[in-house]
1. Enumerate the calculated ³J(HN,Hα) couplings along segment 129-138 in order (Karplus 6.51 cos²θ - 1.76 cosθ + 1.60, θ = phi - 60°), each rounded to whole Hz, writing x wherever the residue is Gly or Pro.
2. Count the lysine pairs in segment 58-188 whose Cα atoms lie under 25 Å apart, taking only pairs 8 or more positions apart in sequence or on different chains.
3. Convert each backbone phi in segment 7-24 into a coupling constant with the Karplus relation 6.51 cos²θ - 1.76 cosθ + 1.60 (shift: θ = phi - 60°), then list the ³J(HN,Hα) values in order as whole Hz, x for Gly and Pro.
4. Can you give the FRET efficiency to the nearest 0.05 for Arg135 and Asn35, using r as the Cβ-Cβ distance and R₀ = 22 Å?
5. What FRET efficiency comes out for the pair Tyr111/Val78, r = Cβ-Cβ distance, R0 = 45 Å, nearest 0.05?
6. In which sequence would Met161, Met80 go, from the one with the fewest C-beta neighbours within 10 Å to the one with the most?
7. Report the label-to-label distance for Arg68 and Cys7 in nanometres (one decimal), using points 7 Å from each Cα along the Cα→Cβ vector.
8. Taking 7 Å along the Cα-to-C-beta vector as the label spot, tell me the Gln15-Ile179 distance in nanometres, rounded to one decimal.
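Values quoted throughout were computed directly from the atomic coordinates according to the rules given, and no laboratory measurement underlies them. Because the structure is a prediction, the values reported are computed rather than measured. No Cβ is skipped: glycine too gets one built from the backbone with ideal geometry, and neighbour counts run over all protein chains shown.
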Amino acid sequence: MKRCPVCGELKELSQFNKSKKAKDGCQYNCRQCDNKDSTKYNRGVLGRISMSENKSCSNYLGIIVAERLVRHLFTDVVRMVNNNPGYDFICAKDKKIDVKSSCIILNNKKYPGWKFHIRKNQVADYFLLLAFNNRDDLEPLHQWLIPGYVLNHLQRTGISMPTMSRWDEWKQPIDQAQICCNKMKEVEV
């Protein structure tokens, strides 16, 4: 047991981060106080904000928005921890789903489309590809649920207006995703 000098609570040693410099092998402050101090420093001194609040962060679209959509669109999904290798969710049928999202870009400065990084993922049973208009509005325009064997040999794939019909077999209705995104926007206001 050790007393944290910041909060004054007596806590188990497991509640302190490790430190090779300390005699007891634990940092001076408890983990909870250390996290609060780090957050205060990151926000105040460095001006950083958390990923869940930072819409310009590339992970915001993929982790915060897209994964919230999956929980809304599918029943009985189990969310994996962030950076779980190969997939983000397990659905009720024990299928591993990797969620990929993208905002519109101009392919060859000509056709609007979306690029999805598959990274030769051999683990996922399905890829849920979510296509958004832009980061500011976060309006979902299209979604596809594609079996892993179709994409898992690719590093990345692109879907553009001229090639969109190739993906019709796996296209999913977008109305529920749009409703969910509108609800998320209402909460932000």
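1. 3J(HN,Hα) across segment 129-138, in whole Hz: 9, 10, 10, 10, 6, 6, 6, 6, 7, 6.
2. Counting lysine pairs in segment 58-188 gives 21.
3. 8, x, 8, 8, 10, 5, 4, 5, 8, 10, 5, 6, 8, 6, 7, 7, 4, 8
4. 0.20
5. 0.75
6. By the 10 Å Cβ count, ascending, the order reads Met161, Met80.
7. 2.7
8. Rounded to a tenth, the inter-label distance reads 4.4 nm.
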